[in-house]
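Peer 1: First, the structure itself, so that you have it in front of you.
The values are calculated or read from the model by the stated rules, or taken from the named source; none is laboratory data. Model, not experiment: these values are computed from the prediction. Glycine gets a Cβ as well: all are built from the backbone with ideal geometry, and neighbour counts include every protein chain shown. Only protein heavy atoms, including side chains, enter the accessible area calculation; ligands, DNA and RNA are left aside. Shrake-Rupley method; radii C 1.70, N 1.55, O 1.52, S 1.80 Å.
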Amino acid sequence: MSDDTGAPSTNTPPPGCPAHDSAVQLGGLEYQQTPSQLYRAMRREHGAVAPVLLDGGIPAWLVLGYPEVSYVTSHDELFARDSRRWNQWPHIPDDWPLLPFVGYQPSVLFTEAQEHQRRAGVITQALEGIDQFELARECQAIAEQLITVFAGSGQAELMSAYAHALPARAVLWMCGVPQGGADTDKLVDDLRISLDAGEGDDPVAAYMRVGARITQLVKEKRENPGPDVTSRMLLDPAGLTDEEIVQDLISVIAAAQQPTANWICNTLRLLLTDERFAVNVSGGRVSVGDALNEVLWLDTPTQNFIGRWAVRDTQLGGRLIREGDCLVLGLAAANTDPQIWPEAHVGAENSAHLSFSNGEHRCPYPAPLLADVMARTAVETLLERLPDLVLAVEPEQLTWRPSIWMRGLTSLPVQFTPAL
């Protein structure tokens, strides 16, 4: 027997619905500290497609295999993005925690076919107008400003003081938000809260404030366009409405900010804890680019992504997927699939990871290149300004955020020789 990927299957399909006795709860400490071990265990027990339970016991499928994730993301006619297809909606409460990520929104994220091509095309054209050298200069200036704030103290918590703030400021600059001032600072803080709320934060209120500010930005750019992403989207011949542009801008900003922040911080962690890099980066034998790429393979910022919804009954990884079933894309699991790395050695020089997804709904070109500019500039500028940067705690004391979706540290405390 083979599935739709053409690969032979040794798994017996479960009875119809993924909610059977062996379904794995998506949650718990293992996803925070040792997700790669958990994914290997799940793959051994369930194969490339595992039955899982989301919050509240809601059934879904976690796609663990590299070929299977590639297949799902390449076949929109079988696995589509419009979540209104989901067969579990009658069981979803109004206060379900994942509703903000799954509930249908009129943004590019949930569009399909020609409408998705139209909306994604506008974003692509707008992003292609960004000069990557100019972006690098702007990111370096932002980095210098952020570093100057804490450089004299000899210590810092880089997650909040640096890694989150830099991509937020950079993407707002790309979108035409004036830099500097309390308004920008507040918007940067609201972005952090809405995407990565801490204890005592109100992410819903923060998201509403972000939406109101982006709505105002679109109005301003409609009246006075400039050389920025927002203006190019407004002037695109596709003729998107202001409401569509607001939705898509928020999607662009969210996709650029949180994953890039975690990419920066995860890379800094690797450089500060792995002897290969701690010794070699200073000696110039291993580049920051190598570390950035290795993180995309082994500690990708987006661990899992929800999701795709089956258009009709089909087979995947030996499983019977029913029409309307939800599939969670296991990007982190796929990146470490033993089928592609049989010796458990991930070749960091290879860029065929799925960290930016795949297919029609992958991050639109040139978004990955722009994210690389932001992350690379952030890491290189920090190491140049503070060359003796070291962890302020033991590596095993670093903790990961309690999320099965994003892979990021709760904090990254460092110390260094105070500098002007």
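Peer 1: Given the convex hull of the Cα atoms of segment 289-419, what is a quarter of its surface area in nm²? Working shown, then result.
Peer 2: On the way: hull surface 42.0 nm².
Result: 10.5 nm².
Peer 1: Another question, then. Please arrange K221, K186 by accessible surface area, largest first, computed with a 1.4 Å probe and ligands excluded. Before the final figure, lay out each step's value.
Peer 2: Working: K221 35, K186 100 Å².
Correct descending sequence by accessible area is K186, K221.
Peer 1: Okay, next question. Tell me the accessible surface of V177 in square angstrom (1.4 angstrom probe, heavy atoms of protein chains only), to the nearest ten.
Peer 2: About 10 Å², rounded to the nearest 10.
Peer 1: Working out 0.36 nm times the residue gap between W341 and N224, then minus their Cα-Cα distance, what length gain in nm do you get to one decimal? Please list the in-between numbers first.
Peer 2: Details: separation 117, 0.36 × 117 = 42.12 nm, distance 5.19 nm.
My answer for the length gained is 36.9 nm.
Peer 1: Additional query: If I ignore ligands, DNA and RNA and count only protein heavy atoms, how much of R222 is accessible to a 1.4 Å probe, in Å² to the nearest 10?
Peer 2: Per-residue accessible area (R222): approximately 110 Å².
Peer 1: For the chain, with all protein chains present and a 1.4 Å probe, just round the carbon and sulfur fraction of the accessible area to a whole percent. Walk me through the numbers on the way to the answer.
Peer 2: On the way: 9660 of 18200 Å².
That share works out to 53 percent.
Peer 1: Cα-based Rg (one decimal) and Dmax (whole number) for segment 90-218, in Å?
Peer 2: Considering segment 90-218 through its Cα atoms, Rg and Dmax are 17.5, 56 Å.
Peer 1: Quick one: the Cα spread of segment 345-416 along its three principal axes, in angstroms, biggest first?
Peer 2: For segment 345-416, the Cα spread along each principal axis is 43, 30, 24 Å.
Peer 1: At 1.306 mPa s and 10 °C, plugging the Kirkwood radius over alpha-carbon pairs of the chain into Stokes-Einstein gives what diffusion coefficient in µm²/s?
Peer 2: Numbers: Rh = 22.3 Å.
Diffusion coefficient, whole number: 71 µm²/s.
Peer 1: With every protein chain left in place and a probe of 1.4 Å, what is the accessible surface of Y71, to the nearest 10 Å²?
Peer 2: Near enough 40 Å² of accessible area.
Peer 1: Using 0.36 nm times the number of residues separating Q132 and W89, minus their current alpha carbon distance, what extension gain do you get? Walk me through the intermediate numbers first.
Peer 2: On the way: separation 43, 0.36 × 43 = 15.48 nm, distance 4.28 nm.
The Q132-W89 span can extend by a further 11.2 nm.
Peer 1: Follow-up. So what are segment 12-171's ellipsoid semi-axes, whole angstrom, largest first, if each one is the square root of 5 times an eigenvalue of the alpha-carbon gyration tensor? All intermediate terms of the calculation are to be shown ahead of the outcome.
Peer 2: Working: eigenvalues 273, 121, 54 Å².
Semi-axes from the Cα gyration tensor: 37, 25, 16 Å.
Peer 1: Please list 403-409, 326-332 highest first by mean number of surrounding beta-carbon atoms within 10 Å per residue. The partial results should precede the final answer.
Peer 2: Numbers: 403-409: 20.9, 326-332: 26.1.
Ranked from most to least packed, the peptides come out as 326-332, 403-409.
Peer 1: Calculated from DSSP H runs of 4 or more alone, at -39500 (n - 2.57) each and per residue, what is the 222 nm mean residue ellipticity of the chain, nearest 500? Don't jump to the answer; show the numbers that get you there.
Peer 2: Working: 15 runs with 195 residues, N = 420.
Taking each H run of at least 4 residues, the total per residue is -14500 deg cm²/dmol.
Peer 1: Along the three principal axes, how long is segment 216-268 when you take its alpha carbons, biggest first, rounded to the nearest angstrom?
Peer 2: Its Cα atoms span 41, 20, 19 Å along the three principal axes.
Peer 1: What spacing in nm lies between the two simple spin-label points modelled at V24 and T273, each 7 Å away from Cα in the Cβ direction?
Peer 2: That separation, rounded to one decimal, is 2.1 nm.
Peer 1: How many percent of all Cα-Cα pairs in segment 191-242 sit more than 13 Å apart?
Peer 2: Working: 834 of 1326 pairs.
Cα-Cα pairs of segment 191-242 separated by over 13 Å account for 63 percent.
Peer 1: Next question, about the same structure. What percent of all Cα-Cα pairs in segment 53-98 falls in each 10 Å bin, counting up from 0?
Peer 2: 21, 46, 29, 3
Peer 1: Using a 1.4 angstrom probe on the protein heavy atoms only, could you order C265, C363 from most to least accessible area? If you can, show how the numbers build up before the last one.
Peer 2: Working: C265 0, C363 45 Å².
Greatest to least solvent exposure: C363, C265.
Peer 1: Related question: What is the sum of charges around F305, taking Lys and Arg as +1, Asp and Glu as -1, for the other residues whose C-beta is under 13 Å from the C-beta of F305?
Peer 2: Net charge around F305: +4.
Peer 1: Two decimals is fine: what is log10 I(q)/I(0) at q = 0.10, 0.11, 0.12 Å⁻¹ for segment 172-305, from a Debye sum with one equal scatterer on every Cα and no solvent?
Peer 2: The Cα Debye sum returns log10 ratios of -0.46, -0.54, -0.62.
Peer 1: May I ask you to give the solvent-accessible area per residue for the chain, in square angstrom, as obtained with a 1.4 angstrom probe?
Peer 2: Per residue, the chain has an accessible area of 43 Å².
Peer 1: Starting from the eigenvalues of the Cα gyration tensor, five times each then square-rooted, give me the equivalent ellipsoid semi-axes of segment 247-339, largest first, whole Å. Could the numbers behind the result be given before it?
Peer 2: Working: eigenvalues 240, 68, 12 Å².
Output for segment 247-339: semi-axes of 35, 18, 8 Å.
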